[in-house]
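Encoded as structure tokens, the structure appears first; notes follow it.
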Amino acid sequence: MQRLGIVHTVSQLAPTFAELAGELLPGVQLTVIADELLLKRTVRDGVLDDVTRTRLHGHVTALADFGVDAVLVTCSSVGGVVDEIASETDIPVIRVDRAMVEHAITIGARVGVLATLPTTLAPTIELVEAAAHRSGRTVEVVSRLCDGAFAALERGEMARHDAIIAEELDRLAAEVDVVVLAQASMARIAAARAGGGTPVLSSPRLVMEQLAGREPGS
């Protein structure tokens, strides 16, 4: 792969993925589109509407026409639409959370899903259950919503955002074999907890490792 297109719905994620690309995909040229309205409309309305579908499809088409070899969409809330678009597009179109979920179901049968938005919680649970079904595994999903965390992120209150997630994560981790953090914006929490206890997975590094052809955590 020589050129990777990335669609962000949270602009603050751009440095995270640029850093990972520099480490794991050296020499790959990034072409980035940031469209926060995709997520803002979904959060406001509580559903993915046709306007959001059309806008996202347009972004992917524009990147494909520009000549990228693959497109990564870093928003889990629009993951279902990413799958729809992928089935209609000649180049790979990748949802950010699939690699994380596929790794999680190999770790244990009780999978915790932690999210800061209701619009992300349901798609992630569905993805875990679908991945388990495809692999012939039986899993139990235990989900939690971190109320107030995303609002803190939007206000720029990173410490408050992280504290809300960490508190809920501690409770969830005691009940399950592995926890997946449903949004890429939660990745710092996984990094802070590395080194023991219940595994906590986040999507950015795992999807970039997948794009680089590496095994998870290698």
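The values are calculated or read from the model by the stated rules, or taken from the named source; none is laboratory data. This is a predicted model, so every value here is computed, not measured. Positions of Cβ are backbone-derived with ideal geometry, glycine not excepted, and every protein chain shown enters the neighbour counts.
When you go through V68, V60 one by one, which is the residue that is modelled with pLDDT of 95 or more and not in a helix (DSSP H, G or I)?
V68
Does segment 23-33 contain any residue that is assigned to a helix (DSSP H, G or I), among the hydrophobic types (A, V, I, L, M, F, W, C), closer than 15 Å to G79 by Cα and modelled with pLDDT of 95 or more?
Checked against the condition, which is being assigned to a helix (DSSP H, G or I), among the hydrophobic types (A, V, I, L, M, F, W, C), closer than 15 Å to G79 by Cα and modelled with pLDDT of 95 or more, segment 23-33 yields no hits at all.
Looking at I33 and the list (1) free of Cβ contacts under 8 Å to residues at least 40 places away in the same chain; (2) surrounded by 21 or more Cβ atoms within 10 Å (Cβ to Cβ), which single condition is not satisfied?
The failed condition is (2).
Can you find a residue that is outside the structural domain of E36 (by TED's automatic domain parsing) and more than 23 Å from R95 (Cβ to Cβ) anywhere in segment 198-216?
yes
For segment 89-98, check the following and say yes or no: at least one residue is assigned by TED's automatic domain parsing to the domain that holds A62, outside any strand (DSSP E or B), in contact with a strand residue (DSSP E or B) (Cβ under 6 Å, 6 or more places away or on another chain) and modelled with pLDDT of 95 or more.
Within segment 89-98, one or more residues are assigned by TED's automatic domain parsing to the domain that holds A62, outside any strand (DSSP E or B), in contact with a strand residue (DSSP E or B) (Cβ under 6 Å, 6 or more places away or on another chain) and modelled with pLDDT of 95 or more.
Provide a single number: the residues in segment 157-174 that are more than 20 Å from the chain's Cα centre (by Cα) and either more than 16 Å from V200 (Cβ to Cβ) or touching a residue at least 60 places away in the same chain (Cβ under 8 Å) (or both).
Qualifying residue count, segment 157-174: 3.
Name the residues in segment 46-78 that are farther than 23 Å from L25 by Cα and not β-branched (V, I, T), would you?
G46, L48, D49, D50, R53, R55, L56, H57, G58, S77
Given the residues L38, L63, which is the only one that is out of contact with any Leu (no Cβ under 8 Å at 6 or more places or on another chain) and closer than 17 Å to A14 by Cβ?
The match here is L63.
What is the one condition in (1) within 15 Å of the chain's Cα centre (by Cα); (2) at positive phi that V200 does not satisfy?
(2) is the only condition that V200 fails.
Given the criteria out of contact with any strand residue (DSSP E or B) (no Cβ under 9 Å at 6 or more places or on another chain) and outside any helix (DSSP H, G or I), does V47 qualify?
Criteria met by V47.
For segment 73-80, does any single residue satisfy the condition of being surrounded by 23 or more Cβ atoms within 10 Å (Cβ to Cβ), among the hydroxyl-bearing types (S, T, Y) and outside any loop (DSSP other than H, G, I, E, B)?
Taking every residue of segment 73-80 in turn, at least one turns out to be surrounded by 23 or more Cβ atoms within 10 Å (Cβ to Cβ), among the hydroxyl-bearing types (S, T, Y) and outside any loop (DSSP other than H, G, I, E, B).
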